[in-house]
Amino acid sequence: MMSEDERKTARDQLLEAERTRKPVIQLSKTWPEITIEDAYAIADLVTQHKIAAGRSKIGNKIGLTSKAMQQSSQIDEPDYGTLLDDMRVEDGGKVAHAGYCVPRVELELSFVLGKPLQGPGVGLTDVLRATEYVVPSIEIIDARVQNPRKIFDTVADNGAAAGLVMGGRPVRPMDVDLRWVGGIMYRNAEIEETGVAAGVLGHPALGIAWLANKIGRFGARLEAGQVMLSGSFIRPVWANRGDTLHADFGPLGAVTVQFV
């Protein structure tokens, strides 16, 4: 377990890495005693610093939702991070590649809540009833910590959250079998990855149920109006300067972002 001063030092290192676009040495090397509790506390310190500077929370992201990714990280559950208002990017928009350390993108579905969710006991149908609509999305992820990262490093780094692009056709959660929503990720003219949303814990709503139950133990809840990125159903795709990343969700439309 880290001391509060050590957690604040880690916070400052992550903030500096984001400011300079230079990843810091792994926190798990600097503080071998780091725990998952420490990592979430550090991520919260970073978030609170940004909120104090004028940003606002718009939701959460859930990561490590596939069995393969959990096994590679040596964990048995997903992780989560916070989405802030300055992370939103307009569909078709341009972002500065130099604004990130090592940007990559993922295919996901965003759930926009119409009602709050609070665990324990939240299940799949509870999430579907609380969701106002689901919309195709691209998540931009970044690493403010050097490779190879351990789960503690990723969690402390806010689950690598860096950007959110929402687009395509919003749908009500009961109007589509969300397990079978498919996606194709193009980088420029090349198909890089394909997948279906069932790759996220069997159903993308289950990641949101997990998060509601996880934070519910501390008396917290997911609020109406918040955006929940449910987890990627493809591996991350590198985004180089000049690349256009285009996510085709078939009947649900497409989402695009360009790195300049």
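Restricting to the stretch 206-238, and then to whatever is in a loop (DSSP other than H, G, I, E, B) and among the charged types (D, E, K, R), can you tell me which residue is surrounded by the fewest Cβ atoms within 10 Å (Cβ to Cβ)?
Looking at residues that are in a loop (DSSP other than H, G, I, E, B) and among the charged types (D, E, K, R), I get Arg217.
Out of all the residues in the stretch 182-200, which are in contact (Cβ under 8 Å) with a residue 12 or more places away in the chain and surrounded by fewer than 23 Cβ atoms within 10 Å (Cβ to Cβ)?
Gly182, Ile184, Tyr186, Arg187, Asn188, Glu192, Glu193, Thr194, Gly195, Val196, Ala198, Gly199, listed by residue number.
Among the residues making up the stretch 107-151, those that are in contact with a Leu (Cβ under 9 Å, 6 or more places away or on another chain) and of a type in the set (Asp, Glu) are Glu108, Asp126, Glu132, Glu139. Please specify each residue of the stretch 239-260 satisfying the condition of being out of contact with any Leu (no Cβ under 6 Å at 6 or more places or on another chain) and part of a strand (DSSP E or B). Those that are out of contact with any Leu (no Cβ under 6 Å at 6 or more places or on another chain) and part of a strand (DSSP E or B): Thr244, Leu245, His246, Asp248, Ala254, Val255, Thr256, Gln258, Phe259.
Taken residue by residue, the stretch 133-153 has no member that is touching a Gly at 6+ places or on another chain (Cβ under 7 Å), part of a helix (DSSP H, G or I), closer than 18 Å to Cys101 by Cβ and at pLDDT 95 or above.
Of the listed requirements (1) modelled with pLDDT under 95; (2) surrounded by fewer than 19 Cβ atoms within 10 Å (Cβ to Cβ), Leu64 misses just one: (2). Quick check: anything in the stretch 71-92 touching a Pro at 6+ places or on another chain (Cβ under 7 Å) and closer than 17 Å to Leu245 by Cα? Among the residues of the stretch 71-92, not one is touching a Pro at 6+ places or on another chain (Cβ under 7 Å) and closer than 17 Å to Leu245 by Cα, which makes the answer no. Every condition in (1) out of contact with any Asp or Glu (no Cβ under 7 Å at 6 or more places or on another chain); (2) among the aliphatic types (A, V, I, L, M); (3) buried (at least 20 other Cβ atoms within 10 Å of the Cβ) is met by Ala162 except one, and the failing one is (1).
The values are calculated or read from the model by the stated rules, or taken from the named source; none is laboratory data. Remember, it's a predicted structure, so these values are computed and weren't measured experimentally. Positions of Cβ are backbone-derived with ideal geometry, glycine not excepted, and every protein chain shown enters the neighbour counts.
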